[in-house]
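See below for the structure under consideration.
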Amino acid sequence: MHYSAITLARNALTGHRNWGPMWKDAQPKPAYDVVIVGGGGHGLATAYYLAKNHGVKNIAVLEKAWIGGGNTGRNTTIVRSNYFLPESSAFYEFSVKLYEKLSSELNYNIMFSQRGMITLAHSRHDEETLRRSYNAMSLNGVDCEWLHPEQVFERMPLYNRGGRYPIRAGLNQPRAGSVRHDAVAWGYARAASDLGVDIIQNCEVTGFLGGDGKVTGVKTNRGEISAGKVCLSVAGHTSQIADKAGLKLPISSYALQAFVSEPVKPVFDTVVLSPATGVYLSQTDKGELVIGGALDLYPSYAQRGNFHTVEGVVAGMLEMFPAFSRLRLMRQWAGIVDVVRDSSPILGPCPVENLYLNCGFGTGGFKAIPAGGWTMAHTLATGEVHPLIKPFALDRFTTGALIDEAAAAGIAH
Amino acid sequence: MLLIKCPFCGPRDETEFRCGGQSHITRPGPHDVVADAEWGAYLYTRENPKGWHFERWLHAGGCRQWFNMARHTVTHEIRQIYAIGEPAPTIGEGS
């Protein structure tokens, strides 16, 4: 289903009873060239770029529930590339650039609002760290600007100037911003489906076919499906599925929460991150404040989150913006994120033949969806690991060549 | 929210504690014969079960003592708290 003034008029005249589905709800076939496990943003983007860039015909995306219902629908929708190390910077900057063109690429409005993202420094030590970050971004070729306190207050007049967290400086990435997360999943799904990708929902992978260090397909609750290559993009549940292929990974799963306030008139037109209070927030087009904070304290697969974290995040936000104390939180939820020791993703092949990993994004997978899809599609189609993701190979945990982005990951891991 | 029974101080709120991750990890050795892969697995590879997890906790805001805990990662139920050095308890299927 594609949308235009003509389809809108036609459906208005027929009482909006005849809108078609956006993508085809496919049934599983016995064999595919590539099976992608996980119908979130990364899985759908991988399928789309496999079909679009590499002409791969026979692709399935298997999703155990509904597409975009996992972390793609649970994140705080921030897109940015203010990373520290050259490897991450190149990868995430590529992703931001793909996001900038994604609405026209997919013919689907993903509502990318490049309102900037400002990281705050509250103390001299924060300022030194932030200056280092500013230098790193500049060296990596990612445009950024250094803001003096008055410039920060101009962007956020409600900031508590006389409070416990005074502002010494701000670092702005002007091209960062927010994207409508559901639209990313739906846009990629529709575009992939149009190119012949089978998107199969309610299809849970329960095991693998093959053996002897090799997979030749997957077992699902809807039968066995053989596959030339299998790509895992299941975020927090990667350990669970990889375990069925006999693969142990350097991942621990945690709950990460987010909150939405009741909608109010426009009061906040940027994205702010304060590492000291451990809080970041932005305002949606509907007017709700979207608030995020640190991980819950211990490994968990419970998609609900912990009240102490709610309290900590809300307290941190109110230190910065006391005016928000009268707002009610409308919703609170948690997603399960796959945290890796160096806070960088694991991308590419693994010791099990024909099995490919797209995981370890931890708290920041949403911003990487287009780049993750693009580079994994290249890797799956050509058999050559895409140059941008070579540093993110699983074997860095053997060689010791970690890419430590603990600070630039934004929130505490 | 967890109410954790510190074996030294009694039941306290979870905010007093720090989770130290998977317990019962043995350092491989002697160091000059440990292969890179084995050392990497020791440092980074972790059990990440959806179910019972045996983990170390520190009563950071209390007695500063470490102890072990068998905790479920979906329900967060704490089944057993036991001393550092003790083997992991057996927890039956379906429990």
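Inverting the pair-averaged 1/r between distinct Cα atoms of chain A gives 21.9 Å as its Kirkwood hydrodynamic radius. With q set to 0.14, 0.16, 0.18, 0.20 Å⁻¹, the log10 of I(q)/I(0) for segment A:2-108, from the Debye formula over equal scatterers at the Cα positions, is -0.81, -1.00, -1.14, -1.23. Across segment A:255-269, coupling constants 3J(HN,Hα) worked out from phi with the 6.51/-1.76/1.60 Karplus curve, θ = phi - 60°, read 8, 10, 9, 9, 9, 10, 8, 5, x, 9, 5, x, 10, 8, 10 Hz, and Gly and Pro carry x.
Scaled against 2.2 N^0.38 Å for its residue count N, the alpha carbon radius of gyration of segment A:122-253 is 1.69. Under 5 Å from the amide H of B:T73 lie the amide H atoms of B:G51, B:W52, B:H53, each residue being 5 or more positions distant or on a separate chain, with H modelled from the backbone and absent for Pro and chain starts. Qualifying trypsin sites (Lys or Arg not before Pro) in segment A:233-303, where qualification requires a DSSP coil assignment and no more than 15 other C-beta atoms within 10 Å, comprise A:K248, A:K286.
Here chain B is treated as a Stokes sphere of Kirkwood radius computed over C-alpha pairs; at 4 °C and 1.567 mPa s its diffusion coefficient rounds to 89 µm²/s. Prolate is the label for segment A:1-59, because a/c, from the alpha-carbon gyration tensor with a ≥ b ≥ c as root eigenvalues, is 1.5 or above and a/b exceeds b/c. Given segment A:124-196, report the % of alpha carbon pairs whose separation exceeds 17 Å. That fraction is 61 percent. Relative to the longest principal axis of the C-alpha atoms of chain A, give the angle of the C-alpha long axis of helix A:41-54, reported between 0 and 90° and rounded to the nearest 10°. Relative to chain A, helix A:41-54 is tipped by roughly 60 degrees. Specify the angular offset, from 0 to 90 degrees and rounded to the nearest 10, of the alpha carbon long axis of helix A:369-382 from the longest principal axis of the alpha carbons in chain A. Tilt of helix A:369-382: around 30 degrees.
Going from the residue with the fewest nearby Cβ atoms within 10 Å to the one with the most, A:S233, A:S261, A:S325 rank A:S325, A:S261, A:S233. Taking chain A as the reference, fit the longest principal axis to its C-alpha atoms, fit the long axis of helix A:86-100 to the helix C-alpha atoms, and give the angle between the two in degrees, 0 to 90, nearest 10. Relative to chain A, helix A:86-100 is tipped by roughly 80 degrees. Net charge dipole, segment B:21-95: roughly 320 debye, given to the nearest 20, about the Cα centre with Cβ charges of +1 for Lys and Arg and -1 for Asp and Glu.
Just want to confirm a number: the relative contact order over chain B, from Cα pairs under 8 angstrom separated by 6+ residues, in percent.
Working: 142 pairs, mean separation 24.4, N = 95.
That works out to 26 percent.
Read-outs throughout are calculated quantities, based only on the coordinates presented, and are distinct from any laboratory measurement. Worth saying up front: this structure is predicted, and the values here are computed from it rather than measured. Please note: Cβ atoms are built from the backbone with ideal geometry, for glycine as well, and neighbour counts cover all protein chains shown.
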